[in-house]
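Quick note: the coordinates plus some simple rules give every number you see, no bench work behind them. Quantities reported herein were computed from a predicted structural model and do not represent experimental measurements. Positions of Cβ are generated from backbone atoms using ideal geometry, with glycine treated the same way; all protein chains shown enter the neighbour counts.
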Ligand SMILES: *Cc1c(COP(=O)(O)O)cnc(C)c1O
C-alpha cells in the first residue's frame, strides 16, 4: 500500500508541477512520519523515500537513533516540521538536517548557539503565520524581515526559505491565497537581496494547489501512510 500511495503521490506532484510550468524535480516530497513506527519508515526508505518530517523532537530522536546504524550509508534527511521549544534546540541541532519552524529571534539565537557548539551550519526555514488563528505558530508577516535580518548575522544558521501552514478548509482552493502570499514574501525578500530557495507548503489535502503556487517542499503524511491514530 505504501508503494502504491507513494507512486500515486509522486505522479500527482509531477502533474501539478508540469501544469504550472515547473520542473517536477524542483518539488521535494517530505514523508511525514509522526506516529509512524520505525518498521514502516524502514519500508519507506527501502522503496526510495529519503526525506522524513517529524513534529516532535523526542519522538524523532528514538526513531532516528534506531534507524541510523542500518541506513548510515543512505543519504537520509530528517526535517523538524513541528514547533520547537527553546529548551529542545540542543537536541534538534543534533538530529535534524533542516528545521522548518524558526519563528522568533530568541529561537533563532538559541539554535545558532547550539549549532555553534557542535560546529554545525544548521539549515533552517522561517515559519510564517499568515492567518489570525490563535492556535497557529509562526512569525507575523510584519516581523518577518526583522527576523531575516537577524538570522543573516547568525553565523551557524543557513536560512534556506519559508514555511507556512494555512488553516484547514474543506475546499482546498481556499488555501491558495495563503500559499500565494508566502511566495510573494519570498519575492519581497529577493528584492531586499535575500535569496530564499525553499517554500515549504502543502500537505495531503492541498499539496497540488501549493505546488501551483510555487511550493518546493510538500509535507505529506496521511496520503502516504494512512490516517493517524489520535
Ligand atoms: C502532520 C503534519 C503534516 C502532514 O499532514 P497530512 O495532512 O497528514 O499530510 C504536514 N506538516 C506539518 C507541520 C504537520 O504537523
### Query
So which residue, out of 153, 129, 172, gets the largest mean-square fluctuation from a GNM of the chain using Cα contacts under 10 Å as springs?
153
### Task
As a check on your grasp of the helix formula, calculate [θ] at 222 nm for the chain: sum -39500 (n - 2.57) over DSSP H runs of n ≥ 4, divide by the residue count, round to the nearest 500.
-12500 deg cm²/dmol
### Length released on extending from residue 77 to residue 39, taking residue separation times 0.36 nm less the Cα-Cα span
12.0 nm
#### Entry: Ordering of 86-92, 19-25, 5-11 by packing [mean C-beta count within 10 Å, highest first]
86-92, 5-11, 19-25
### Message
What distance in nm separates the two pseudo spin-label positions at residue 188 and residue 158, each 7 Å out from Cα along the beta-carbon direction?
### Response
2.7
### Query
If we count other beta carbons within 10 Å of each Cβ, what is the order of 128, 36, fewest first?
36, 128
### Message
Kirkwood hydrodynamic radius, computed over distinct alpha-carbon pairs, for the chain: how many Å, to one decimal?
### Response
17.9
### Message
I need to check one value: relative contact order of the chain, counting alpha carbon pairs closer than 8 Å and at least 6 residues apart, in percent.
### Response
21
